[in-house]
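The values are calculated or read from the model by the stated rules, or taken from the named source; none is laboratory data. Not measured: the values here are computed from a predicted model. Here the Cβ positions follow ideal geometry from the backbone for every residue, glycine too, while neighbour counts run over all protein chains shown. Ligands, DNA and RNA are stripped out before the accessible areas are found, and what is left, the full protein with its side chains, is counted by its heavy atoms. Shrake-Rupley method; radii C 1.70, N 1.55, O 1.52, S 1.80 Å.
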Amino acid sequence: MKTTRRTFLQTSALATVAAIGPAGSAALASKSSVTHDTRELDAYAIAGRHPLIRRKTGPTYFEGMLLGNGDIGVCAVVRPDALGLHISKNDCWDIRVTECNEKDVRPFAEILEMWKRASAELRQKGYKPGDSVEHAEFFRDYIDKVGRSYSKPWPRPWPCGTVWLKWDPRWVEPVSCQLNPANGIFELELKIQGLDQQPRAANITAFVDRESGRIAVGSDPLSGVSVIYSPAIDGFRSGPFDSGHVESHPDQLPRPALAHRPAVNASDFSCFQYFPAIGPSEDNPNPPRSERDRNFALHGRIAGVWEASPIEGSDSIVFSSTAAAPVRIDVAVATPRDLLLNRIEATHPQDVGPAEWITIPQTHVYDEADLDTPAFAERSVADAAGTPLAEVRHKSEARWREFWSASAVRFDDEVLERIWYHNQYFLACCLGKDKTAPGLFGNWSSGDIGSAWHSDYHLDYNCQQIYLGVFSSNHVEMHQPCLELVENLLPMSEKFARESFDLPGAFFPLSAYPVPSQSVPYPVPPWGYQICMTPWAVQSLWWQFLYTQDSRYLARVYPILRAAARFLSAYVRKEEDGRYHVFPSISSENWGCTIDFELNKDCILDLSLIRFVLDATVKASTILSEDATERSSWQEIAGNLAAYPTGQGPYGEVWVDKIGRAHV
């Protein structure tokens with residue numbers, strides 16, 4: 001069992017008592033004897049006391065309940081006539097990138113000249129310093145030109161389809177459903193009443209296996225039900241209760257390949273979706289296949305005898321049965337990354353530390369064996385279907401118990417306690433060691449839901465916030481996807497620092513995708529040139545060291561911290577006041593490029609994050625005895641950065657975003 005957060009804190013407290021001496025420790029012991037609760041906490045049991053319960057149908061995606069294992073994500077929705085399981089996966093993406101604007105991206109020095117030219121032009125038109133230079137038509141045209149690739153609907157997470165278990169609502173009525181965050185088990189209670197029959201209850205259970213990511217569904221005996229699989233189709237539009245339609249356009253993904261066939265005492269269905277890596281453009285409307293192309297495969301098995309048929313006018317497959325029998329469905333989803341990871345893990349030592357964590361490059365070219373996802377998914381389902389559902393559930397619950405053994409809390413405030421356990425559960429659903437980092441909307445998507453802003457990695461608080469609680473809750477392994485992401489982005493970031501800024505080190509972009517393309521997705525002023533993105537992207541790497549004190553891990557991430565520090569120290573400029581200033585500086589979420597750079601110097605976000613990363617890199621280089629000369633420079637800059645801007649508020653002096661018009 002892991003060392004729990006509680007044990008960690010107790011050990012730290014004892015060390016503190018030893019350090020402060022007998023008198024202080026006696027006082028502390030006296031105080032803690034009143035408040036300290038030494039009873040063992042069982043997080044699994046406490047989490048189970050906070051189920052999510054719904055007592056009416058919820059047919060839309062946003063009314064559903066979320067399941068997952070850190071890779072596979074499922075949204076369970078209940079209609080009056082069906083249970084729907086919308087399936088997604090962290091690394092299941094439409095990976096197309098149209099690299100049409102890379103040649104149009106100008107070096108940063110030229111963008112600064114455009115900025116100055118726009119300022120002069122707009123001043124003559126009566127605009128004031130502090131107004132946006134985007135009012136200049138030529139500057140706006142440049143923004144539109146270099147933003148063309150990002151304006152495409154791809155890349156984006158690609159849903160893996162929906163499995164429906166359908167009944168006749170004249171005789172079957174959903175009563176309530178609940179989700180147990182302790183073990184990820186979703187249960188739906190049905191009321192069944194036929195003509196001249198007494199009503200009876202029946203239950204349907206669904207869960208995502210914590211270890212394998214397979215989806216399992218089981219039920220009490222049901223009659224007259226059907227199972228439907230509906231794949232995700234580019235251009236498909238539907239509502240909660242209509243069968244939908246496909247809007248055709250020339251840039252659509254290829255249609256998925258569906259198949260069904262009888263198995264031994266079962267029926268199988270499958271879906272295969274091909275993902276081209278190169279997106280169409282005006283110059284290349286029909287790009288050829290490439291070695292970077294990928295795919296996903298889904299395979300499902302329904303136990304028992306079922307009659308299969310397509311649904312007219314759709315790409316769905318329906319399986320019908322008249323027998324009164326329990327329903328058992330097993331579903332597996334596989335990507336080439338899964339096959340490669342499976343082979344790597346077979347020879348990789350178990351329980352290795354962060355210094356040896358696996359990273360799979362986004363640029364990896366998968367071979368034919370790894371691309372054979374249909375066979376892998378089918379084998380996975382066959383393994384599960386041959387195991388009693390109770391045993392599959394028991395093994396999954398054992399993995400959930402391992403997860404909850406890492407940390408536990410108990411609060412007198414029941415609402416606060418529920419929030420903590422629910423959010424720990426959601427974290428476990430969308431974030432897992434050795435899995436692809438989730439995008440903006442986690443591993444849950446359906447149709448256009450979960451595709452805004454491409455569900456990309458915004459390398460500010462949007463990307464960082466999912467990892468904010470992993471250390472304090474003793475789940476350092478959940479930070480592995482972040483490390484893999486940053487390691488994958490380092491070559492792109494070093495290239496952009498060199499080619500756009502003519503500076504050493506790495507400039508991390510605002511936006512990134514888990515795709516093979518190495519083009520910066522959003523090289524668009526102003527937001528594509530926020531200096532704070534670089535320290536923000538690497539900040540949690542240092543947090544992990546502070547939490548673990550693992551010097552071997554630090555040696556692994558130090559080159560990334562150093563690359564960030566090299567860029568930042570080269571970007572700032574020492575002025576006559578002896579201070580180092582950030583110029584130009586873009587204030588996130590506030591204003592962009594302003595006339596005469598009025599609001600573009602020393603914004604507090606840049607100053608604070610630059611100081612953080614320079615301080616961290618100084619400490620890291622000292623611990624590792626690396627880069628003594630550069631360390632002195634970083635130390636000197638961090639100690640002499642421009643002061644945080646301040647202004648006068650109603651209660652005195654306060655920090656402000658920057659010094660400028662109205663002390664904004």
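General remarks:
- Every test in (1) more than 30 Å from the chain's Cα centre (by Cα); (2) closer than 24 Å to ALA334 by Cβ; (3) of a type outside the set (A, V, I, L, M) is passed by SER230 save one, and that test is (1).
- Residue match in region 318-326 (condition: open to solvent by less than 50 Å² (accessible area, probe 1.4 Å) and over 24 Å from ILE215 (Cα atoms)): no
- Filter pass, PRO80 being modelled with pLDDT under 95 and either more than 19 Å from the chain's Cα centre (by Cα) or surrounded by fewer than 24 Cβ atoms within 10 Å (Cβ to Cβ) (or both): no
- Looking only at residues in region 495-542 that are of a type in the set (Ser, Thr, Tyr) and part of a loop (DSSP other than H, G, I, E, B), the one that is farthest from ARG106 (Cα to Cα) is TYR513.
- Within region 39-77, being open to solvent by 10 Å² or more (accessible area, probe 1.4 Å), farther than 30 Å from SER151 by Cα and out of contact with any Lys or Arg (no Cβ under 8 Å at 6 or more places or on another chain) holds for ARG39, GLU40, ASP42, ALA45, GLY48, ARG49, PRO51, LEU52, ILE53, ARG54, ARG55, LYS56.
- Evaluation of ALA45 against (1) in a loop (DSSP other than H, G, I, E, B); (2) modelled with pLDDT of 95 or more (one fails), failing number: (1)
- Residue pairs whose Cβ atoms lie under 9 Å apart, separated by 6 or more positions or on different chains, with the first residue in region 453-471 and aliphatic (A, V, I, L, M) and the second in a loop (DSSP other than H, G, I, E, B), are LEU459/PHE508; LEU459/PRO509; LEU459/LEU510; ILE466/LEU431; ILE466/ALA437; ILE466/PRO438; VAL470/LEU431.
- Looking only at residues of region 528-586 that are more than 24 Å from the chain's Cα centre (by Cα) and more than 23 Å from ALA497 (Cβ to Cβ), we find that the one that is most open to solvent (accessible area, probe 1.4 Å) is GLU576.
- Filtering region 172-200 to residues that are farther than 21 Å from HIS86 by Cβ and out of contact with any strand residue (DSSP E or B) (no Cβ under 6 Å at 6 or more places or on another chain) leaves ALA182, GLN193, GLY194, LEU195, ASP196, GLN197, GLN198.
- Residue list for region 198-222, filter: in contact with a Phe, Trp or Tyr (Cβ under 9 Å, 6 or more places away or on another chain) and either of a type in the set (Ser, Thr, Tyr) or not in a strand (DSSP E or B) (or both): THR205, ARG210
- Some residue of region 101-123 being closer than 16 Å to SER511 by Cα, open to solvent by 10 Å² or more (accessible area, probe 1.4 Å) and part of a helix (DSSP H, G or I): yes
- For region 102-139, filtering for residues that are without any contact (Cβ under 8 Å) to a residue 24 or more places away in the chain and polar (S, T, N, Q) leaves 1.
- Residue in region 388-408 that is farthest from HIS479 (Cα to Cα), counting only those that are open to solvent by less than 30 Å² (accessible area, probe 1.4 Å) and of a type outside the set (Gly, Ala, Ser): VAL392
- Of the residues screened, ILE302 is one that is farther than 30 Å from LEU483 by Cβ and over 28 Å from the mean Cα position of the chain (by Cα).
- Matching residues in region 589-623 - criterion: being open to solvent by 10 Å² or more (accessible area, probe 1.4 Å), closer than 19 Å to LYS116 by Cα and without any contact (Cβ under 8 Å) to a residue 60 or more places away in the chain: LYS601, ASP602
- Condition met for GLU291 (assigned to a loop (DSSP other than H, G, I, E, B), more than 30 Å from ALA369 (Cβ to Cβ), open to solvent by 30 Å² or more (accessible area, probe 1.4 Å) and of a type outside the set (Phe, Trp, Tyr)): no
- Selection status of ILE329, touching a residue at least 24 places away in the same chain (Cβ under 8 Å), over 27 Å from the mean Cα position of the chain (by Cα) and surrounded by 12 or more Cβ atoms within 10 Å (Cβ to Cβ): yes
One line per residue, one yes/no per condition, for (1) modelled with pLDDT under 95; (2) assigned to a strand (DSSP E or B); (3) among the aromatic types (Phe, Trp, Tyr):
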{"site": "ARG261", "(1), (2), (3)": "yes, yes, no"}
{"site": "PHE269", "(1), (2), (3)": "no, yes, yes"}
{"site": "GLN273", "(1), (2), (3)": "no, yes, no"}
{"site": "PRO280", "(1), (2), (3)": "yes, no, no"}
{"site": "ASP283", "(1), (2), (3)": "yes, no, no"}
{"site": "LEU298", "(1), (2), (3)": "no, yes, no"}
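- Those residues of region 634-655 which are outside any helix (DSSP H, G or I), of a type outside the set (Gly, Ala, Ser) and either in contact with a Cys (Cβ under 9 Å, 6 or more places away or on another chain) or open to solvent by less than 20 Å² (accessible area, probe 1.4 Å) (or both), in sequence order: LEU641, PRO645
- Test: residue in region 437-448 that is touching a Ser or Thr at 6+ places or on another chain (Cβ under 8 Å), farther than 30 Å from GLU247 by Cβ and open to solvent by less than 30 Å² (accessible area, probe 1.4 Å): no
- The residues listed here are ARG566, ARG611, ARG562; of these, the one that is at pLDDT 95 or above, within 23 Å of LEU510 (Cβ to Cβ) and in contact with a strand residue (DSSP E or B) (Cβ under 6 Å, 6 or more places away or on another chain) is ARG611.
- Residues of region 422-436 satisfying the condition of being crowded, with 21+ Cβ neighbours inside 10 Å and more than 12 Å from the chain's Cα centre (by Cα): GLN424, TYR425
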